[in-house]
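Working notes, structure below.
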Amino acid sequence: MTRGEVEGHGGERSYDAEFRAGAVRIVTETGKSAAGVARDLGVQPSTLQNWIHRARARADAEAAGGLSESERDELRRLREVDPARRQEAFEVLPALPEGGHSHTVLRW
């Protein structure tokens, strides 16, 4: 394993956040090419390009008053509704009358 590499799933390489951030900083702060930095660090150039793209997207969103990464994580967590709870909610809804509409609003 290279420095910064952690055990991945299914044989895929995985790198810790500190290593990824450092690799992105090398490219963005020194002006070195992503391909050269990737080669020096022993990562795939496309992997480093993905890290750079995500870092720039995060920076742009934060600069525009968007959500921070921790806020996006929290939003993602809140959106993950337990499928069993969702099914349970639909099972307790009354059947809609023929051609009618229900004004019931579900919030979970």
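Checking residue 17 against (1) modelled with pLDDT under 85; (2) loosely packed, with under 13 Cβ neighbours inside 10 Å: exactly one of these is not met. Which one?
It fails just one condition, (1).
Please count how many residues of the stretch 40-55 are open to solvent by 60 Å² or more (accessible area, probe 1.4 Å) and touching a residue at least 12 places away in the same chain (Cβ under 8 Å).
1
Taking residue 48 as the residue in question, decide whether it is over 22 Å from the mean Cα position of the chain (by Cα) and under 24 Å from residue 12 (Cα atoms). Lay out the reasoning, then the answer.
Values: over 22 Å from the mean Cα position of the chain (by Cα): no; under 24 Å from residue 12 (Cα atoms): yes.
No.
State all residues of the stretch 60-73 that are open to solvent by less than 70 Å² (accessible area, probe 1.4 Å) and either in contact with a Ser or Thr (Cβ under 9 Å, 6 or more places away or on another chain) or at pLDDT 85 or above (or both); if no residue qualifies, say none. Steps first, answer last, please.
If we filter the stretch 60-73 for residues that are open to solvent by less than 70 Å² (accessible area, probe 1.4 Å), which is where we start, we get 61, 65-66, 68, 72.
Matches in the stretch 60-73: 61 only.
If you go through the stretch 32-44 one residue at a time, do you hit one that is of a type in the set (Ser, Thr, Tyr) and over 15 Å from the mean Cα position of the chain (by Cα)? Break it down into steps so the answer makes sense when it comes.
Residues of the stretch 32-44 that are of a type in the set (Ser, Thr, Tyr), as a first pass: 33.
Filter once more, keeping what is over 15 Å from the mean Cα position of the chain (by Cα): 33.
Within the stretch 32-44 (the criterion being of a type in the set (Ser, Thr, Tyr) and over 15 Å from the mean Cα position of the chain (by Cα)), the answer is yes, since at least one residue qualifies.
The values are calculated or read from the model by the stated rules, or taken from the named source; none is laboratory data. None of these values were measured; they are calculated from a predicted model. Because the Cβ atoms are built from the backbone with ideal geometry, glycine has one as well, and the counts that use them run over all protein chains shown. Side chains included, ligands, DNA and RNA excluded: accessible areas come from the protein's heavy atoms. Shrake-Rupley method; radii C 1.70, N 1.55, O 1.52, S 1.80 Å.
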